[in-house]
Amino acid sequence: MMNSIQHCEQLVREIYKHFDASHDFQHIERVRKNAFDIAACEPTADVEIIELAVLLHDVSDPKYSVDEDKLEEDRIINLLNLPYEKIKQIKTLIKSISFNGGNEMQADTIEAKIVRDADRLDAIGAVGIARTFAYGGAKGRKLYDVNESPRDKMTSEEYRSKETASVTHFYEKLLKLADGMLTQKGKELAQERHAFMELFLRNLRKETGEQI
């Protein structure tokens, strides 16, 4: 008989098959590894809640879902036969992960901090660069636009509604993530990835001759 994590993984795998390469199940596996690496330094963390939240955190992502009420997320959670308090914790944790144009919710528990850091680590560095252009390609966006100015302040709606070029996304979000890490291990892991993104952008400017 499957436990709740095995059952959850079986259900979410089917959903992530339909997402592009930036948010497929490989993304989930990388975030899970990041989360376990950080959790190993946080002995009080509940690893079951962390793993379930990682598995579920993108199933109702508004970039892919037309269901604003997150019924897909709720449907899966309800099939896992978890205690009410644990369901509440997982759903609150998932809400605290999203960047939302810099308007994110506060991550109040160590589990929320771990999962947020784990997810954001996968948004930066070499993998983050690959994911950014994979998503941009899936949405038909430009690689870069020299006439586009990155926004520093925006609402969640403005962040999601404007289809910016992929390089602009680095300045609006990705280059800000390392400074916002919430765990010591997350901060340490983010530094090398952040430096790699800066190197990539320097080389991109050199190769294109553009101020991007």
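Got at least one residue in the stretch 178-197 being crowded, with 17+ Cβ neighbours inside 10 Å and either of a type in the set (S, T, Y) or more than 23 Å from H27 (Cβ to Cβ) (or both)?
Within the stretch 178-197, one or more residues are crowded, with 17+ Cβ neighbours inside 10 Å and either of a type in the set (S, T, Y) or more than 23 Å from H27 (Cβ to Cβ) (or both).
Would you check if there is a residue in the stretch 138-157 being touching a Leu at 6+ places or on another chain (Cβ under 6 Å) and either over 19 Å from V31 (Cα atoms) or aromatic (F, W, Y) (or both)? Even if it seems obvious, please write down each step before you answer.
Keep residues of the stretch 138-157 that are touching a Leu at 6+ places or on another chain (Cβ under 6 Å), which gives none.
No, the stretch 138-157 contains no residue that is touching a Leu at 6+ places or on another chain (Cβ under 6 Å) and either over 19 Å from V31 (Cα atoms) or aromatic (F, W, Y) (or both).
Filter the stretch 81-106 down to residues that are in contact with a Lys or Arg (Cβ under 7 Å, 6 or more places away or on another chain) and touching a residue at least 40 places away in the same chain (Cβ under 8 Å), then give me how many there are. Talk me through it step by step, then tell me what you get.
First, the residues of the stretch 81-106 that are in contact with a Lys or Arg (Cβ under 7 Å, 6 or more places away or on another chain): 96-97, 99, 105.
Subsequent filtering for residues that are touching a residue at least 40 places away in the same chain (Cβ under 8 Å) retains 97, 99.
Total meeting the criteria: 2.
Do we have K33 as under 26 Å from M181 (Cα atoms) and in a helix (DSSP H, G or I) here?
On the way: under 26 Å from M181 (Cα atoms): yes; in a helix (DSSP H, G or I): yes.
Yes; evaluated as a whole, the condition is true for this residue.
For E148, are the conditions met, namely being among the acidic types (D, E), assigned to a loop (DSSP other than H, G, I, E, B), free of Cβ contacts under 8 Å to residues at least 40 places away in the same chain and surrounded by fewer than 21 Cβ atoms within 10 Å (Cβ to Cβ)?
Values: among the acidic types (D, E): yes; assigned to a loop (DSSP other than H, G, I, E, B): yes; free of Cβ contacts under 8 Å to residues at least 40 places away in the same chain: yes; surrounded by fewer than 21 Cβ atoms within 10 Å (Cβ to Cβ): yes.
Judged against the criteria, E148 is a match.
Suppose the filter is buried (at least 19 other Cβ atoms within 10 Å of the Cβ) and under 22 Å from L174 (Cα atoms); does A126 pass it? Talk me through it step by step, then tell me what you get.
On the way: buried (at least 19 other Cβ atoms within 10 Å of the Cβ): no; under 22 Å from L174 (Cα atoms): yes.
For A126, the condition - buried (at least 19 other Cβ atoms within 10 Å of the Cβ) and under 22 Å from L174 (Cα atoms) - is not met.
Output the residues belonging to the stretch 163-195 that are of a type outside the set (A, V, I, L, M, F, W, C), in contact with a helix residue (DSSP H, G or I) (Cβ under 6 Å, 6 or more places away or on another chain) and within 19 Å of D117 (Cβ to Cβ).
First pass over the stretch 163-195, keeping only residues of a type outside the set (A, V, I, L, M, F, W, C): 163-164, 166, 168-169, 171-173, 176, 179-180, 183-188, 191-194.
Remaining after also requiring in contact with a helix residue (DSSP H, G or I) (Cβ under 6 Å, 6 or more places away or on another chain): 166, 169, 183, 185-186, 193-194.
Passing the criteria: T183, K185, G186, R193, H194.
Take the residues in the stretch 160-175 that are surrounded by 15 or more Cβ atoms within 10 Å (Cβ to Cβ) and touching a residue at least 60 places away in the same chain (Cβ under 8 Å); name whichever of them is nearest to E210 (Cα to Cα). Can you show your working first?
Within the stretch 160-175, the first condition is being surrounded by 15 or more Cβ atoms within 10 Å (Cβ to Cβ), and the residues that meet it are 164-175.
From what's left, touching a residue at least 60 places away in the same chain (Cβ under 8 Å): 172-173.
Details: E172: 18, K173: 21 Å.
Checked the stretch 160-175; the qualifying residue nearest to E210 (Cα to Cα) is E172.
Within the stretch 172-198, track down each residue that is part of a loop (DSSP other than H, G, I, E, B) and not basic (K, R). Explain how you work it out, then say what you get.
To start, the set of residues in the stretch 172-198 that are part of a loop (DSSP other than H, G, I, E, B) comprises 173, 177, 181-183.
Of everything in the stretch 172-198, those that are part of a loop (DSSP other than H, G, I, E, B) and not basic (K, R) turn out to be L177, M181, L182, T183.
Pairs please, first residue from the stretch 3-19 and in contact (Cβ under 8 Å) with a residue 12 or more places away in the chain, second anywhere and part of a helix (DSSP H, G or I) and aliphatic (A, V, I, L, M), Cβ atoms under 6 Å, 6+ apart in sequence or on different chains.
Correct list of pairs: C8/L52; C8/L55; E9/L55; L11/I76; V12/L55.
Could you go through the stretch 109-129 and let me know if any residue there is part of a loop (DSSP other than H, G, I, E, B), more than 17 Å from the chain's Cα centre (by Cα) and at pLDDT 95 or above. Even if it seems obvious, please write down each step before you answer.
To start, the set of residues in the stretch 109-129 that are part of a loop (DSSP other than H, G, I, E, B) comprises 109, 122-124.
Right, trim to more than 17 Å from the chain's Cα centre (by Cα) and you get 109.
Filter once more, so that each one left must be at pLDDT 95 or above: 109.
Checked the stretch 109-129: at least one residue is part of a loop (DSSP other than H, G, I, E, B), more than 17 Å from the chain's Cα centre (by Cα) and at pLDDT 95 or above.
In the stretch 1-15, how many are of a type outside the set (A, V, I, L, M, F, W, C) and more than 15 Å from E51 (Cβ to Cβ)? Don't jump to the end; show me each part of the working.
Initial filter on the stretch 1-15 (of a type outside the set (A, V, I, L, M, F, W, C)): 3-4, 6-7, 9-10, 13-14.
Subset that is more than 15 Å from E51 (Cβ to Cβ): 14.
Total meeting the criteria: 1.
Across the stretch 199-211, what is the total count of residues that are assigned to a helix (DSSP H, G or I) and in contact (Cβ under 8 Å) with a residue 60 or more places away in the chain? Before the answer, list the steps.
Pass one, the stretch 199-211, residues assigned to a helix (DSSP H, G or I): 199-208.
Applying the additional criterion that residues be in contact (Cβ under 8 Å) with a residue 60 or more places away in the chain yields 200, 204, 208.
Counting residues in the stretch 199-211 that are assigned to a helix (DSSP H, G or I) and in contact (Cβ under 8 Å) with a residue 60 or more places away in the chain gives 3.
Please pick out the residue among L80, L93 that is modelled with pLDDT of 90 or more, outside any helix (DSSP H, G or I) and of a type in the set (A, V, I, L, M). Give the steps one after another, and end with the answer.
Details: L93 fails: outside any helix (DSSP H, G or I).
So the residue among L80, L93 that is modelled with pLDDT of 90 or more, outside any helix (DSSP H, G or I) and of a type in the set (A, V, I, L, M) is L80.
Considering each of D74, D58 in turn, give the residue that is farther than 18 Å from E111 by Cβ and surrounded by 13 or more Cβ atoms within 10 Å (Cβ to Cβ). I'd like the intermediate steps shown before the answer.
Working: D58 fails: farther than 18 Å from E111 by Cβ.
From the options D74, D58, the qualifying one is D74.
The values are calculated or read from the model by the stated rules, or taken from the named source; none is laboratory data. Predicted model only: the values in this text are computed from it and were never measured. Neighbour counts run over all protein chains shown; Cβ positions are idealised from the backbone, glycine included.
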